[in-house]
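Reading through the structure tokens given below for one structure.
Just so it is clear, none of the values below were taken in a lab; they were calculated from the coordinates. The structure presented is a predicted model; accordingly, all values stated were derived computationally and were not measured. Cβ atoms come from the backbone with ideal geometry, glycine included; neighbour counts cover every protein chain shown.
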Amino acid sequence: MEKIKVAVVGTGFIGPAHIEALRRNPNIEVATLCEVNEELAKEKAALLGIEKAMVFEDMLKDEEIKVVHICTPNFLHYSQSKAVLEAGKHVVCEKPLATKIEEAEELVALAEKTGLVNAVHFNLRYYPMVRQMKTMRESGELGDIYSIMGSYLQDWLFLQTDYNWRLEPDKSGDSRAIADIGSHLLDLTEYVTGLKITEVMADFSTVHKTRLKPLKAIETYSGKSLAPSDYEEVPINTEDHATVMLRFDNGNKGSVTVSQVNAGRKNRLNIEIAGSKANFEWCSEKPNEMWIGKRETANQHLMKDPSLFNAEAGKLIGFPGGHNEGFPDTSKQMFKEVYAAVVEGKQPEKPSYPTFADGHRELLICERIIESHKKQAWVKI
Ligand SMILES: NC(=O)c1ccc[n+]([C@@H]2O[C@H](COP(=O)([O-])OP(=O)(O)OC[C@H]3O[C@@H](n4cnc5c(N)ncnc54)[C@H](O)[C@@H]3O)[C@@H](O)[C@H]2O)c1
């Protein structure tokens, strides 16, 4: 079997997760690794067992590379995705697709013009239980949707000394908690319910008005600690916490809360969708379980099991019931669908995976949320 040669750009937290997931698909070879400079690229390539190491610009000239995964900080997504498409290669970009809506619009148009495969890594859609909720809703088991309540809570920015490029708007964009984790939650909300958010009313808070920035570089989630003299105090302009009220195109309402300063909540997305026939609740920290609330019979507790799932959701299950699947499996399953399109050589008419158009939609919602917070008023999407 001839393998599809792939380059991965960025080797912080999520780059190696892409590499591992790619390697779990049999027709893919991670051939090249790109980093900020050749020295770091070589060091990381040796650690990760990847043959070629270079900077991004050199990789673009390699005709053997058919697909590029962009796993760099947000401000690079636009220029790197654009360059990849212009080089005639398929692209999988991390979220958010860009930091400005105009850039995302340009990328959607360019991707459409080239016909190349384009995907945004909204991998949380690929928990089997998420697809099960979606397909149960499609087959009418939820009924009409009355309300949606979501939250996405983390604690990795809980302390004033917690610092990362995501706290700097020129690298991350004008929103943080909403753009970084709210985008996953809002994408999942529209994906599972099939509803569109039509209006938002947002209120943000920045709990740490200043933070202590390390004078040395530190990777996301690496947990390394520094001495007090290694920090400088810097002002913070993006939100640690946000609450957003939502109006949907079926006339009903919902809300989401996101926070990166909730002690003990490591990475907890929770969603509760109340319908006229049932209530679905799912939490990313217990991803193989789902609660189904009932009024006239006993509530149900569904566990991930191919024999209990509908056929469509069952496609995302890699192991038998009771054998837990988690975060690393979501990317593997997503890449399966993306690379089926790569094999065909072009973006399908109706892709099953999240595309640049979905990345653009999340940016649009995010931008309206920021506008609503600034105006302290409802804003239409
Ligand atoms: N889908 C998810 O669940 C998920 C999870 C985490 C992060 N992300 C997204 O992934 C992206 C990266 O996040 P992270 O947590 O891995 O960040 P990180 O800071 O840990 O890693 C970023 C990497 O990019 C490299 N890099 C920077 N500039 C580069 C350049 N010009 N060329 C090549 N490499 C360069 C850095 O050296 C570093 O290795 C962000 O956009 C983030 O939103 C998504």
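Amide H to amide H, which residues 5 or more places from residue 13 or on other chains are under 5 Å from it, using H placed in the peptide plane?
Sorted by chain and number, the residues that satisfy this are 220.
Whose amide H sits under 5 Å from the amide H of residue 236, counting only residues 5 or more places off or on another chain, with H placed in the peptide plane?
The list, which skips near neighbours in sequence, is 210, 211.
Could you order peptides 362-368, 177-183 by the average number of other Cβ atoms within 10 Å of their residues, highest first?
177-183, 362-368
For region 341-381 and region 106-158, what is the separation of their Cα centres, given in Å?
10 Å
Please sort 303-313, 29-39 by packing, taking for each peptide the average over its residues of neighbouring beta carbons within 10 angstrom, highest first.
Listed from highest to lowest mean packing, they are 29-39, 303-313.
Counting Lys +1, Arg +1, Asp -1, Glu -1, what net charge surrounds residue 234 among other residues with beta carbon under 12 Å of its beta carbon?
With Lys, Arg at +1 and Asp, Glu at -1, the neighbours total 0.
What are the extents of the Cα atoms of the chain along their three principal axes, in Å, largest first?
Here the spans come out as 64, 55, 41 Å, largest first.
Quick check: net charge around residue 116, other residues with Cβ under 11 Å of its Cβ, Lys/Arg +1 and Asp/Glu -1?
Result for the neighbourhood of residue 116: +2.
Sort the following peptides by mean Cβ neighbour count (other Cβ atoms within 10 Å, averaged over residues), highest first: 319-329, 273-283, 245-255.
273-283, 245-255, 319-329
Fewest first, what order do 95, 286 take by the number of other Cβ atoms within 10 Å?
Lowest count first: 286, 95.
Quick one: work out Rg over Rh on the C-alpha atoms of region 128-324, Rh as Kirkwood radius.
1.05
Sort out for me the Cα centre separation of region 181-196 from region 291-321, rounded to whole Å.
20 Å
Between the DSSP loop rule and a limit of at most 15 other Cβ atoms within 10 Å, which GluC sites (Glu not before Pro) in region 117-190 are left?
Filter output for region 117-190: 141.
Can you pull the three principal axis extents for the Cα set of region 120-239, in Å, largest first?
In descending order, the Cα extents are 60, 30, 22 Å.
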